[in-house]
Amino acid sequence: FLMKIENLDFSGALKLLSQQTGVALPKRRSEVSAQNPMVSVNTKALKYFQAALEADHGSLARNYLTKRKVQTAEIQQFGLGYSPSTGDELMRAMENEGISAQQLLLGGLVTQDERGRIRDMFRGRLMFAIRNVGGHIVGFAGRSLDDSSPKYINSPQTVLFDKGKLLY
């Protein structure tokens, strides 16, 4: 009732009731802290994806966003970016940041085939940052821009990203 009357989400209604009744809500600890090294890896990857969206090779993704009437402020707010289709640009850029291929594998940002070759997980896709309730980037979703299948790819299960426990 309170959610509808006050136009609040569930947590907002709980907070309001807590204030009105004087019943303290327990502090909910985020499962992922900002000190987790994988949060830093994902943050750097997002910066890379955002820069790639602004670069020349991001024109396909920018045109798609323009057609969908997505504004610049929304691109920033929702952490949109672009992953080039070359297959190793993210990996090379992250290695220049001191991030190892092993860290990228653990974060689900690259994949390794049966012959040991490592490639970017997301190639030629519009990128969406996936955040947890604490606001930390725990994974990514990538949308195909050339109608290839699958249309969307999410980060695989990692220490940060559990699709079954995260509402996205």
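Confirm whether N42 is within 26 Å of L126 (Cβ to Cβ) and open to solvent by 60 Å² or more (accessible area, probe 1.4 Å).
Details: within 26 Å of L126 (Cβ to Cβ): yes; open to solvent by 60 Å² or more (accessible area, probe 1.4 Å): no.
The answer is no for N42.
Please go through region 48-67 and pick out each residue that is exposed (fewer than 14 other Cβ atoms within 10 Å of the Cβ) and either within 18 Å of G139 (Cα to Cα) or within 17 Å of the chain's Cα centre (by Cα) (or both).
A51
Scan region 117-168 for residues that are of a type in the set (A, V, I, L, M) and within 18 Å of R68 (Cβ to Cβ) and jot them down.
So in region 117-168, the residues of a type in the set (A, V, I, L, M) come out as 118, 121, 126-127, 129-130, 133, 137-138, 141, 145, 153, 159-160, 166-167.
Correct list: L126, M127, A129, A141, L145.
Specify which of the listed residues (F140, F128) is in contact with a strand residue (DSSP E or B) (Cβ under 7 Å, 6 or more places away or on another chain), open to solvent by 20 Å² or more (accessible area, probe 1.4 Å), touching a residue at least 12 places away in the same chain (Cβ under 8 Å) and assigned to a strand (DSSP E or B).
Answer to the check: F128.
Looking only at helices (runs of 4 or more DSSP H) that lie completely in region 1-56, which have at least 2 residues being modelled with pLDDT of 75 or more and aromatic (F, W, Y)?
Values: elements: 2-6, 10-21, 37-54.
In region 1-56, 37-54 are the helices (runs of 4 or more DSSP H) which contain 2 or more residues that are modelled with pLDDT of 75 or more and aromatic (F, W, Y).
For the list (1) of a type in the set (A, V, I, L, M); (2) closer than 29 Å to N36 by Cα; (3) open to solvent by less than 80 Å² (accessible area, probe 1.4 Å), I need the number of the one condition that L106 fails.
(3)
For Y82, all conditions in the list (1) outside any strand (DSSP E or B); (2) more than 30 Å from G12 (Cα to Cα) hold save one; what is the number of the exception?
It is condition (1) that Y82 fails.
For region 68-79, how many residues are over 17 Å from M127 (Cβ atoms) and either open to solvent by less than 40 Å² (accessible area, probe 1.4 Å) or part of a helix (DSSP H, G or I) (or both)? Before the answer, list the steps.
Of region 68-79, the ones over 17 Å from M127 (Cβ atoms) are 69, 71, 73.
Within this subset, residues satisfying the condition of being either open to solvent by less than 40 Å² (accessible area, probe 1.4 Å) or part of a helix (DSSP H, G or I) (or both) are 73.
Qualifying residue count for the region: 1.
Please go through region 143-168 and give me each residue that is under 13 Å from L109 (Cβ atoms), open to solvent by less than 40 Å² (accessible area, probe 1.4 Å) and not hydroxyl-bearing (S, T, Y), ordered by number.
Selection gives I153, L160, F161.
Across region 125-154, what is the number of residues that are touching a helix residue (DSSP H, G or I) at 6+ places or on another chain (Cβ under 8 Å) and small (G, A, S)?
2
The values are calculated or read from the model by the stated rules, or taken from the named source; none is laboratory data. Computed from a predicted structure; not experimentally measured. Methodologically, a virtual Cβ is constructed for each residue, glycine included, from the backbone with ideal geometry; neighbour enumeration extends over all protein chains shown. SASA here: full protein model, heavy atoms, side chains in, ligands and nucleic acids out. Shrake-Rupley method; radii C 1.70, N 1.55, O 1.52, S 1.80 Å.
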